[in-house]
Structure formats: C-alpha cells, structure tokens
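There's a structure below that I have some questions on.
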Amino acid sequence: MSRAGAPRVLVLGGLDPSGGAGLAADVEALLAVGARALPCATALTVQGSGGAYGAEAVPVPLVRAQVEGLLAGRGVPVKAAKTGMLATAEIVRAVAELLGHRRLARVPLVVDPVLAASSGLPLLDAGAAGPADALAPLFARAAVVTPNWPELEALAGAALDDDEAAVAAARRLGARAVLVKGGHRRGAPVDLLVTGREVRRLAGRRRPGTARGTGCRLAAALAGLLAQGASAYQAARGAKRVVERYLDRGA
Ligand code: PLP
C-alpha cells in the first residue's frame with residue numbers, strides 16, 4: 001500500500017530516545033504491517049544503553065492538545081488506537097475521555113498495560129487506586145489488552161501459577177479480548193488469547209537473549225492489523241510474526 005493510503009493508528013505512549021521501546025518502536029512496528037503511526041507523547045524518558053534513568057509525564061493539557069490537534073478541522077482519519085506508557089492516573093483518565101471523541105469512539109483500541117520497564121523504572125504511577133482500577137476505563141473500551149505475565153499478576157494483585165489462573169485473571173480485566181504474552185513463562189513462550197468464550201494458544205519459539213520494546217512492538221502491530229480489518233486472532237498471529245522477525249534480525 002502507498003504511504004498515503006496506509007491506515008493511521010493513533011499511538012499514545014512514552015518517548016524512549018534510544019529507540020528501543022515506546023513511540024519509536026511503535027512507529028517501526030506499524031510500518032512493518034503497512035500502517036502509519038500518529039504518535040502522541042504522554043511522557044519523555046531518559047534511557048540509553050546503560051539503562052533507564054528517569055521519566056517525566058507530559059502535562060495533561062498538552063496530551064489533550066496533541067490528540068485534539070489531530071482531530072481538528074477535517075481531521076486525520078484514524079483507523080485504530082494503541083496506548084502504551086501513560087505515566088500517571090490523570091493521563092489515563094484524560095486518554096479514556098479523548099478516546100470517547102466521536103472520531104475515535106468506534107475504532108479498535110489496543111491497550112498495552114505498561115507498568116514498569118524491564119530495568120525497573122516505573123512507567124505508571126497509578127496512585128492509591130492501584131493499576132487495575134486506574135486502567136479499568138481503558139480495559140472496558142479495549143478490543144485487546146496485552147499484558148505480559150508479571151503485568152497480569154500486578155493487575156490481579158496475586159501470583160498466577162498456571163494457565164487457568166491467568167485466564168481467569170484475564171477475564172476479570174473486563175476487556176473484549178486479552179492477549180497474555182508468554183515471554184516470561186518457563187519453557188515455550190506460548191501466548192494465550194482470551195475472550196469471553198474461548199482461549200486460543202499461540203505457540204512460539206524462544207530466541208536467546210533479551211530485547212527491549214517487544215511488548216510495544218507487538219501491541220502496535222496488533223493495532224495496525226486491526227486497523228486493516230483483521231480479527232483479534234489474525235492480528236495476534238500477525239503481530240507475533242512482526243516481533244519474531246525483529247528478534248531474528250538481532251533486535
Ligand atoms: N520506555 C517506554 C517509553 C516504554 O513504553 C516501554 C515499554 O512499554 C519501556 C521503556 C520498557 O521497555 P523495556 O521493558 O523493553 O525496556
């Protein structure tokens with residue numbers, strides 16, 4: 001597809017200047033599935049090959065202005081949306097409200113419930129309510145939520161010892177579908193796509209080493225494929241291939 005015809009995906013997340021994760025990773029993953037990003041920054045982070053050093057949330061009025069700027073006038077057509085690092089509960093609330101705009105209310109939304117970087121740097125200050133309550137308005141609106149195993153445990157407030165526990169916790173998030181990523185499990189990295197009625201297993205092959213930003217890339221590619229009419233299952237499979245190709249290239 002020509003660049004001009006590529007479906008646009010609104011992406012709300014943090015800027016990682018190293019390009020490993022966050023908005024820059026989203027842009028790459030969306031291009032890989034023939035879509036284009038409309039990146040709106042919710043936070044600026046300080047990261048490099050030595051680690052993650054800090055983050056500063058973008059003021060809420062500026063988060064709002066970025067999205068409203070895109071929608072103003074004739075507006076840029078948006079075919080899907082994806083959220084990543086949202087930094088504060090206040091930004092989560094503002095984003096949930098912005099997604100109710102008539103031009104966005106019906107587009108598929110992918111919510112990557114980013115809580116902390118693998119380096120340990122916190123990426124969401126959920127406040128006293130805790131991450132599950134803070135993110136609940138986005139889960140309710142999401143086509144797919146993409147927690148990894150530790151994120152699902154943090155959202156559930158309990159350790160999840162097996163698939164059955166993970167599936168139950170995924171269903172409690174209240175989203176139409178949840179893709180529980182298997183990269184942190186022992187053994188094969190099997191992902192679970194959980195909907196109200198069924199659970200589908202997506203097998204994968206573990207690659208040696210670690211790579212940054214795989215979660216961001218998976219969620220962005222998923223949104224890019226949903227933007228083009230794929231089902232949650234088709235989009236999950238396609239997005240997994242995008243991440244596998246990224247890992248095979250040597251991240
Ligand atoms: N920085 C930003 C802006 C992110 O959005 C994320 C993940 O979503 C990370 C860092 C974490 O990346 P990783 O845990 O792969 O280092």
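Out of GLY100, GLY50, report the one residue that is more than 11 Å from the ligand (Cβ to nearest atom) and at pLDDT 95 or above.
Only one candidate passes the filter, namely GLY100.
Has segment 221-231 got at least one residue that is in contact with a Phe, Trp or Tyr (Cβ under 7 Å, 6 or more places away or on another chain) and either surrounded by 22 or more Cβ atoms within 10 Å (Cβ to Cβ) or over 20 Å from ARG185 (Cβ atoms) (or both)?
no
Okay, residues lined up against (1) closer than 20 Å to CYS216 by Cα; (2) among the basic types (Lys, Arg); (3) without any contact (Cβ under 8 Å) to a residue 24 or more places away in the chain:
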| site | (1), (2), (3) |
| --- | --- |
| ILE91 | yes, no, no |
| LEU138 | yes, no, no |
| GLU153 | yes, no, yes |
| LEU160 | no, no, yes |
| VAL167 | no, no, no |
| HIS184 | yes, no, no |
| VAL194 | yes, no, no |
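Additional query: For segment 1-28, enumerate the residues that are within 12 Å of the ligand (Cβ to nearest atom) and either in a loop (DSSP other than H, G, I, E, B) or farther than 20 Å from GLU68 by Cα (or both).
Of everything in segment 1-28, those that are within 12 Å of the ligand (Cβ to nearest atom) and either in a loop (DSSP other than H, G, I, E, B) or farther than 20 Å from GLU68 by Cα (or both) turn out to be ASP16, PRO17, SER18, GLY19, GLY20, ALA21, GLY22, ALA24, ALA25, ASP26.
Which of (1) within 16 Å of the ligand (Cβ to nearest atom); (2) farther than 26 Å from SER119 by Cα; (3) of a type in the set (Asp, Glu) does GLU56 not meet, given it meets every other one?
(2)
Pick from segment 19-49 the residues that are of a type in the set (Gly, Ala, Ser) and under 17 Å from PRO122 (Cα atoms): which of them is surrounded by the fewest Cβ atoms within 10 Å (Cβ to Cβ)?
The extreme case among them is GLY48.
Same structure again: If a residue must be surrounded by 15 or more Cβ atoms within 10 Å (Cβ to Cβ) and in contact with a Lys or Arg (Cβ under 8 Å, 6 or more places away or on another chain), how many such residues does segment 184-205 contain?
Adding up the residues that qualify gives 9.
Can you tell me which of THR45, THR83 is within 16 Å of the ligand (Cβ to nearest atom), modelled with pLDDT of 95 or more and closer than 23 Å to LEU225 by Cβ?
After applying the criteria, what remains is THR83.
The values are calculated or read from the model by the stated rules, or taken from the named source; none is laboratory data. None of these values were measured; they are calculated from a predicted model. Glycine gets a Cβ as well: all are built from the backbone with ideal geometry, and neighbour counts include every protein chain shown.
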